[in-house]
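Q: Pasting a structure here, questions to come.
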Amino acid sequence: MNTGPIIALLFMFALFVLAMARVGWGYYAVRRDAREEWPLFSLTKAGQAKDMNEARFVDAYVRAHGPRGLLYAAITLLAALLVTPLAVMLLTGFYAAFIAQPDAAKAASSSFSGAVSSQLRLDGPLVYAFFLFFGLIASWGLTAFAIAWRFHRKRPGDLDDELQGLPDSDAPLPPRARPRPKWSPLVRTKDGLKLPQQIRRDALDAAKPDEKESST
């Protein structure tokens with residue numbers, strides 16, 4: 001019996017258990033920090049905190065600072081564990097139906113495993129192992145892609161964004177402009193993005209009518 005796949009699955013399960021233990025401790029630590037931050041937040045930002053209680057602040061703090069990446073990594077491991085047996089069955093069935101050479105002597109085999117075993121003796125186990133190896137990698141890759149897509153689609157903002165998004169808040173924060181990249185020389189103004197030279201030129205042009213009026 002080939003114990004390699006079983007050992008791999010047990011290793012993935014052990015990683016999942018360790019990751020979930022770390023996730024649980026991480027969320028506990030973040031909630032503890034949030035409860036410690038609340039008194040200072042309610043004092044320094046009283047206007048924003050007047051219509052907010054500690055529980056809502058803690059929830060926003062956890063969304064902003066929780067170990068979300070590690071949680072999704074653990075979910076990916078669990079999904080791979082659940083997908084692997086199903087992928088093996090589907091790939092084996094596909095191989096037996098469309099790739100393996102027919103065995104006339106065993107064509108009347110009544111069991112699926114007997115038919116696959118006879119076909120493997122014709123094609124050789126390495127062909128099936130090659131097909132199964134890359135098929136499993138493809139199934140794991142698709143699983144990771146789907147979870148990563150959801151991870152980025154549901155990505156939370158920073159603490160201010162999460163506090164601003166709380167329902168029934170009478171003290172919303174003003175929308176913040178997206179920061180400019182450090183490599184860009186453009187500066188954001190009320191008239192759009194401009195070069196510093198354009199801003200100075202516009203300031204001089206705006207001052208010229210005043211100079212003409214003062215001279216007259």
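Q: Just checking, does the stretch 115-125 include any residue being more than 20 Å from Thr76 (Cβ to Cβ) and modelled with pLDDT of 80 or more?
A: Among the residues of the stretch 115-125, not one is more than 20 Å from Thr76 (Cβ to Cβ) and modelled with pLDDT of 80 or more, which makes the answer no.
Q: Which condition from (1) over 22 Å from Ala146 (Cβ atoms); (2) part of a helix (DSSP H, G or I); (3) modelled with pLDDT under 95 is the one that Met12 breaks?
A: (1)
Q: Still on this structure, I have one more. Read through the list (1) at pLDDT 90 or above; (2) surrounded by fewer than 16 Cβ atoms within 10 Å (Cβ to Cβ); (3) closer than 30 Å to Asp160 by Cα, then give the number of the only condition that Ala55 fails.
A: (1)
Q: Return the residues of the stretch 44-78 that are in contact (Cβ under 8 Å) with a residue 40 or more places away in the chain and not in a helix (DSSP H, G or I); say none if nothing qualifies.
A: Selection gives Lys50, Asp51, Met52, Gly66, Pro67.
Q: For Leu78, are the conditions met, namely being under 32 Å from the mean Cα position of the chain (by Cα), modelled with pLDDT of 75 or more and over 26 Å from Val17 (Cα atoms)?
A: Working: under 32 Å from the mean Cα position of the chain (by Cα): yes; modelled with pLDDT of 75 or more: yes; over 26 Å from Val17 (Cα atoms): no.
No, not satisfied.
The values are calculated or read from the model by the stated rules, or taken from the named source; none is laboratory data. The model shown is predicted, which means the values in this text are computed figures rather than measured ones. Counting neighbours? That spans all protein chains shown, and the Cβs are built from the backbone with ideal geometry, glycine included.
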